[in-house]
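FYI, it's all coordinate maths here, none of it is from the lab. Everything quoted here is computed from the prediction, not taken from an experiment. Here the Cβ is made from the backbone with ideal geometry for all residues, glycine too, and neighbour counts use every protein chain on show.
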Amino acid sequence: MSARTTVGRAGALGSQVSLGVWFVLPLIPILLWATARSWTFPRTLPEEWGFAGAADALADGAASAFVSSLILGLVTAALATPAGAMAAYALAFGRIRHHRRISLLLLAPVFVPPFVIVMGANVALLRLHVPPSVGLALVLMVTAIPYTTFIMRSAFASYDTRIEEDARTLGASPGHVLLHIRIPMLSRAITASAFLAFLVGWSDYVITLLIGGGAFVTVPIRVAAAASGTGNEALVAALSVAAAAPPLLLLLTLNMMSRHRTSSPRETAEPSAFTPSSPVIGARI
Amino acid sequence: MNASLQLTDVSRTHKGAPTPVLGGFDLHVAAGDAVAILGPSGSGKTTVLRLVAGLDAPDTGDIRIDGASVLTRPPEQRGIAMLAQRPRLFPHMSVLDNVAFGPRMTGASRREARRQAEQYLDLVQLPGLGRRQPSTLSGGQQQRVALARALAANPAVLLLDEPFSALDPSLRADMHQLLLELRALLQPTIVLVTHDHQEAVLLADTIAILIDGQVHQQGTARQIYDQPASITVSRFLGCLNEIPGEVVSGCHVSALGQIPVPQAGPNGPATLVIRQEAVRLVEQASTAATVIGRVERIVPLGARSLVEVATSVGPLFAEASSGQDFRTGDTVGIVLPTEQCVLLPNQVSVSALSDTARPVRTSTSGSSRRSSTFSAGSNTEC
């Protein structure tokens, strides 16, 4: 191994470790606070350990906020993922005119400050008498669509539609092609796209607050309220953990499933056992 | 299951293209027959298959399978299956599920579809590979699986779009043999698209020469090689020798003299063509030689060599066997067996020359011929 290679690998490892520390470091005080019963200055670590913060959070309505966030994340993913996939398909295969301009329009929620979008949308939704729940779902979907469209368009760029033609000539209807070919083949991109859309809904604060009109109290709203008002660090930390844990767990789960899929043995031991090769979205026919 | 296929007056112009890719295309394939559509790149071969498969629609004309028009049927209801140059196996399915795809789509239970798939994998000599993922197979194995997948769909017509052109020669020969065996066993109706002459001759009962979107000739390999319909077809089939001249009283009259040609036809301008494989090279002193020339170039072709001989009427080409030892600069005699000479009208399609060896035509001037009347191999008097 040459000296240059060794230095290169050491540099890469150093960068990875630095990046890991950069991400993990802010979480350490939160985890400490969330599990601290008593922690006073100038002590480095809490004097007493416990889950008073979690108990306070539950008493403060964290459970219902958690459920609200979960619903909002799932609804956003359910709406923005297929919408983004359809938009990406149309853009990738040139089924629409002026696709460059439409691409820019779809990406507009990323360029324009969210507060501007929310204020404009809020006025429009109020005048149209759209219920807050429906309005919230629609605006979150619009906010998430740039991400889902971008991911799906990248996936479609390397997707050979001739494989669908082969499936058609083998007797598959357009519905069968969608179910048995396109969705399974794009399952990774769809999963990543849905995950990002879920994050948009799960972590949103401004849109939920303004469009929801206070009817939807989610985890980020609880965190913001606790952080700005109570002075109860353990409560804020417990709510922060509740806000950060589900996406992280979801990410780890998806990553593990993906690794399992790529490292799964090529041959199964049992001749009659047909394991679908895509655990995310089954590929059985 | 097999069925007849009939394409009548089919034309297709792609959007934005100045000329039609197919114009007035006719083709008939009897049930159980194999027809090869042979043509240069861009001649419209793949378009024919896409139209039959329902992946594209003709501007005019009709396509009938077993006598019934299929123009309004979607691809999945036409009873066809297509095998392309690349196997394009479904990467998210096991090999067995790939092959079982067709039966599953036509309503078979999963168990039954897989049972059938195993049989077809046995047929393509890949038993026991059903549980593998496509990415773990070699290119040749993947193409066999794709063939099994197409056959398992039990198509009335099997469409093969240059299916073996991406394989190395050894694998290609194996696949040819396999397809011949499967033909004998299953007797499917086959339309094979290829630009490989040998493949067409080997696998098909009849060959349709497609040039400029039109069938220039359809017949058995023997018919099209022995009696090409036009100079365009002759050139496409790789014939290198053309001698312009005129038919006078059953003889072709040119700078080479009078050559008696069987079935010469009416008097008028005509080009005499003879394949380089038919031309013989002899000693210059031989009385059989009609033209004397000097060896200009020798191109090795494996067991044989292509010899270019410069004559005073222009270059002529002959294939020499390994036993004939010619060197550049040698003076040789050339024999043109008259029974293998063919007379064709002087009409050429330009695009036919793009993918094939461009023949060098002899000059009409010059007088280096050995005799004024050809008699080699024939006693016919003009």
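Take each residue of peptide B:91-100, count the partner chain Cβ atoms within 10 Å of its Cβ, and average: the result is 5. Counting Cβ atoms of other protein chains within 10 Å of each residue's Cβ and taking the mean over peptide A:182-192 gives 1.
Taken residue by residue and averaged, Cβ atoms of other chains lying within 10 Å of the Cβ of B:104-112 number 3.
Put a plus charge on the Cβ of each Lys and Arg, a minus charge on the Cβ of each Asp and Glu, and nothing anywhere else: the dipole of segment B:5-222 about its Cα centre is then about 820 debye. Based on DSSP H segments of at least four residues, each scored -39500 (n - 2.57), the protein assembly as shown has a per-residue ellipticity at 222 nm of -13500 deg cm²/dmol. Of the residues B:Ile37, B:Leu202, A:Phe216, the one whose Cα sits farthest towards the positive end of the charge dipole of the protein assembly as shown is A:Phe216 (charges of +1 on Lys and Arg Cβ, -1 on Asp and Glu Cβ, taken about the Cα centre). Peptides A:19-32, B:48-61, B:115-128, ordered by how many other C-beta atoms sit within 10 Å of their residues on average, highest first, read B:48-61, B:115-128, A:19-32.
Computed about its Cα centre, the charge dipole of chain B is approximately 1020 debye, with only Lys, Arg, Asp and Glu carrying charge at their Cβ.
Take every DSSP beta bridge whose two residues both sit in segment B:5-222, then give the antiparallel share in percent to the nearest 5. So the antiparallel bridges amount to about 50 percent of the total. When the square roots of the Cα gyration tensor eigenvalues are ordered a ≥ b ≥ c, the ratio a/c for chain A is 1.5 or more and a/b does not exceed b/c, which makes its shape oblate. Under 5 Å from the amide H of B:Asp33 lie the amide H atoms of B:Ile190, each residue being 5 or more positions distant or on a separate chain, with H modelled from the backbone and absent for Pro and chain starts. Each Lys or Arg adds one and each Asp or Glu subtracts one; over the other residues with Cβ under 15 Å from the Cβ of B:Ser4, this totals -3.
Could you tell me what percent of the DSSP beta bridges with both partners in the protein assembly as shown are antiparallel, to the nearest 5? Percentage antiparallel, nearest 5: 75. Helix B:110-123 axis versus longest C-alpha principal axis of chain B: approximately 30°, rounded to the nearest ten. Summing charges over all other residues whose Cβ lies under 13 Å from the Cβ of A:Gly50, with Lys and Arg as +1 and Asp and Glu as -1, gives -2. Taking the Cα atoms of the protein assembly as shown, the ratio Rg/Rh between the radius of gyration and the Kirkwood radius comes to 1.17.
Computed from backbone phi with θ = phi - 60° and the Karplus coefficients 6.51, -1.76 and 1.60, the 3J(HN,Hα) list for segment A:167-173 is 4, 4, 5, 8, x, 8, 6 Hz; x is used for glycine and proline.
Paramagnetic label reach from A:Thr161 (point 7 Å along Cα→Cβ; backbone nitrogen cut-off under 16 Å): within segment A:73-108, residues A:85-100. Find out how many positive minus negative residues lie around B:Leu27, taking Lys and Arg as positive, Asp and Glu as negative, among other residues whose Cβ is under 12 Å from that of B:Leu27. Here the count lands on -2. The alpha-carbon positions of segment B:230-289 define a convex hull whose volume is 99 Å³ per residue.
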